[in-house]
1. For region 166-173, state whether one or more residues are at pLDDT 95 or above, assigned to a loop (DSSP other than H, G, I, E, B) and open to solvent by 50 Å² or more (accessible area, probe 1.4 Å).
2. Going by what's in this entry, would Leu435 be described as under 18 Å from Arg292 (Cβ atoms) and surrounded by 24 or more Cβ atoms within 10 Å (Cβ to Cβ)?
3. Failed condition for Glu319, given (1) out of contact with any Leu (no Cβ under 9 Å at 6 or more places or on another chain); (2) more than 22 Å from Glu253 (Cα to Cα), with all others met?
4. Going by what's in this entry, would Ala335 be described as outside any loop (DSSP other than H, G, I, E, B), small (Gly, Ala, Ser) and open to solvent by 30 Å² or more (accessible area, probe 1.4 Å)?
5. Of the residues that make up region 164-177, is at least one under 17 Å from Thr256 (Cβ atoms), among the aliphatic types (A, V, I, L, M) and without any contact (Cβ under 8 Å) to a residue 40 or more places away in the chain?
6. Among the residues of region 217-241, write down those that are assigned to a helix (DSSP H, G or I) and of a type in the set (Ser, Thr, Tyr).
7. Identify all residues within region 239-259 that are in contact with a helix residue (DSSP H, G or I) (Cβ under 8 Å, 6 or more places away or on another chain) and surrounded by fewer than 22 Cβ atoms within 10 Å (Cβ to Cβ); write none if there are none.
8. Under the condition of being closer than 21 Å to Asn479 by Cα and assigned to a helix (DSSP H, G or I), which residue from region 174-202 is most open to solvent (accessible area, probe 1.4 Å)?
Amino acid sequence: MADPPRRSLPNLLLSVKLKYVKLGYHYLISHFMYLLLIPLLAVVSVHLSTLTPQDLINLWRFNLLTVWIGSMMIVFLATLYFLSQPRKVYLLDFACYKPDTSNFVTRETFMRHSALAGTFSQDNLAFQKKILERSGLGQKTYFPDAVLQIPPNPCMAEARKEAEMVMFGAIDELLAKTGVKAKDIGVLVVNCSLFCPTPSLSSMVVNHYKLRGNVLSYNLGGMGCSAGLISIDLAKQLLQVNPNSYALVVSMENITLNWYFGNNRSMLLSNCLFRMGGAAILLSNRSSDRHRSKYQLIHTVRTHKGADDKCYSCVFQEEDKEKNIGVALSKDLMAVAGEALKTNITTLGPLVLPMSEQLLFFMTLVARKVFKMKLKPYIPDFKLAFEHFCIHAGGRAVLDELEKNLELSNWYMEPSRMTLYRFGNTSSSSLWYELAYCEAKGRIKKGDRSWQIAFGSGFKCNSAVWRALRTIDPAKEKNPWIDEIHEFPVHVPKITEIGL
């Protein structure tokens with residue numbers, strides 16, 4: 001009789017998916033110190049079980065003075081520690097401005113107005129059409145009235161009108177949502193890169209809402225699409241030295257005076273990508289506001305590459321040969337953005353990544369640099385550090401590059417792609433439309449961490465990390481996405497980038 005076939009154990013290395021092995025490794029390393037406590041507690045428990053009640057009384061009497069001195073030292077050190085910690089900064093709420101449907105600009109409307117302007121050559125009209133078709137923008141983005149007029153009417157009065165419409169619209173909604181009075185605001189930061197009138201935009205806000213006389217107001221100009229996070233960082237630092245204060249941050253861009261009428265293709269790109277929008281954010285350092293706040297600000301990391309000439313000039317406002325003012329985008333932009341991102345995440349990584357990822361990164365670096373092993377650079381898995389990614393919707397090419405470099409799935413990229421599709425590039429405010437999208441989809445749960453990352457002229461790359469203090473119920477939110485969240489495709493299709 002033949003022997004029955006022997007049943008071999010399955011090859012676990014082949015049957016277990018690599019991602020589960022990595023998750024197990026991550027859990028083991030991250031909780032290594034806690035696992036060490038188990039045998040230590042077991043030894044202490046065994047030792048204590050051998051002591052009699054009299055032994056415990058004698059031990060207590062002998063160490064009473066030591067215990068008292070130790071307790072006083074612990075109280076003193078704990079008090080010193082908590083007094084030296086910076087004040088926590090909370091985000092009560094934010095509001096994104098949603099223009100009226102009369103400001104819709106479809107691709108056909110854009111091309112018709114460009115043709116009627118009479119300043120663009122036929123080749124450049126065809127170029128703009130091709131850019132629009134491949135940009136990732138949808139059919140319901142917004143332009144201000146001055147640009148939609150025939151002929152366009154870019155003037156200072158119309159630019160002020162656009163600024164007031166966006167800023168006051170967002171702030172009105174924010175104050176209504178939070179119930180905070182304008183007189184209670186102690187810090188005001190407004191950022192708009194290309195429109196810097198006198199009096200400033202921050203003064204316009206102070207005048208309109210009659211803010212108090214000792215309000216700390218700041219107006220940031222010329223700092224590009226990443227200025228929104230610079231404003232958040234500035235407000236954070238001000239809140240950490242001014243107790244019991246509210247900080248209002250307003251992020252926007254102005255389209256009216258920055259429509260380009262020339263034929264320089266590197267400047268025509270901004271016409272095709274930038275659209276009308278803005279956001280208002282209310283921050284607080286009051287501990288009593290924690291229970292009603294949405295998020296806590298955990299980290300801000302700022303990176304500036306302006307010392308390098310190529311980085312400094314890759315996004316540059318200048319005149320073309322016909323003296324038309326526009327913003328030129330260099331062909332080096334993607335390479336510069338990649339270098340700025342690398343520097344930023346090198347600083348951010350140790351602050352947010354679990355020890356398991358930092359150890360893998362360090363081991364790979366040593367193997368490559370010290371032992372000269374031919375290994376690919378290890379890219380940390382930021383999905384272990386964040387549940388949500390809000391990447392500045394500057395353009396489809398930027399989103400494609402970050403998706404590839406950070407190894408993000410369509411689910412993580414959806415807020416950024418949908419914001420680009422629905423609202424276009426709204427400059428520094430795009431990050432808030434993306435976070436609002438996450439809220440409208442019911443994705444934000446208590447304890448979730450969100451990473452906002454933006455790029456801007458100069459060249460700068462800035463990050464902010466938020467932790468959700470409560471689960472966001474979309475049914476209770478006033479949100480620019482709520483009424484139409486189901487109208488859009490789940491994923492915007494990627495289209496091959498065209499050359500400049």
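The values are calculated or read from the model by the stated rules, or taken from the named source; none is laboratory data. The structure displayed is predicted, hence computed values, not measured ones. With ideal geometry, Cβ positions are generated from the backbone for all residues, glycine too; neighbour counts draw on all protein chains shown. Keep in mind that these areas ignore ligands, DNA and RNA; they rest on the heavy atoms of the full protein, side chains included. Shrake-Rupley method; radii C 1.70, N 1.55, O 1.52, S 1.80 Å.
1. No.
2. yes
3. Going through (1) out of contact with any Leu (no Cβ under 9 Å at 6 or more places or on another chain); (2) more than 22 Å from Glu253 (Cα to Cα) one by one, Glu319 breaks only (2).
4. When the stated conditions are applied, Ala335 passes them.
5. No, there is no match, as no residue in region 164-177 is under 17 Å from Thr256 (Cβ atoms), among the aliphatic types (A, V, I, L, M) and without any contact (Cβ under 8 Å) to a residue 40 or more places away in the chain.
6. Matches in region 217-241: Ser226, Ser231.
7. Ser245, Leu257, Asn258, Trp259
8. Out of the qualifying residues, it is Ala176.
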